[in-house]
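Peer 1: What follows is a structure written as structure tokens; I'll ask about it next.
Nothing in this text is a laboratory measurement; each read-out follows from the coordinates by a stated rule. Here the structure is a predicted model, which is why all the values come from computation and not from measurement. Positions of Cβ are generated from backbone atoms using ideal geometry, with glycine treated the same way; all protein chains shown enter the neighbour counts.
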Amino acid sequence: MRNALIPALLLPALLLLAACNQSAAPQLAPARQAPPQSGSPVTPSDFKLPEGQGCAGDIARFRAVQDNDLATGHVNQSVYDRIRAEIDQAAALCAAGNDAAARAAVAGTKRRFGYPG
């Protein structure tokens, strides 16, 4: 009798494990919402990232992206202000000659707010 119970108990467990290996249908990306009307909906065609080397260049480029994202409505003012405060701290590290820490701070801010590294 005991040997007959083992397959009966294992069958539900095996079915659950098999279900875990099933691949789900691909999820469609949610519909993109229109940007707020307060800003221009697209990046201007003449937008160019600043040039520069090291931490100063990284900071200048990320600030330009942030200014553009605010102007086009891709970030709201409160998010922009939070990012700007972090980048200001990175700029202070850069001005003090700590290039590596400043660049790491910029990379961390990008990661936290979903920007590509």
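Peer 1: What shape does region 49-97 have by the C-alpha gyration tensor, where a ≥ b ≥ c are the square roots of the eigenvalues, rounded means a/c under 1.5, and otherwise prolate means a/b greater than b/c and oblate the rest?
Peer 2: oblate
Peer 1: Next question, about the same structure. If Lys and Arg each add +1 and Asp and Glu each add -1, what is the summed charge of the other residues whose beta carbon sits under 15 Å from the beta carbon of LEU49?
Peer 2: -1
Peer 1: Moving on to the next point. Can you give the FRET efficiency to the nearest 0.05 for ASP67 and ARG112, using r as the Cβ-Cβ distance and R₀ = 30 Å?
Peer 2: 0.95
Peer 1: Whole-Hz Karplus ³J(HN,Hα) for region 85-91, in order, using 6.51 cos²θ - 1.76 cosθ + 1.60 and θ = phi - 60°, x for Gly and Pro?
Peer 2: With the stated coefficients, region 85-91 comes to 4, 5, 5, 4, 5, 5, 5 Hz.
Peer 1: Multiply the residue gap between PHE47 and GLN89 by 0.36 nm, knock off their C-alpha separation, and tell me the result in nm, one decimal place.
Peer 2: Additional length available on full extension: 12.6 nm.
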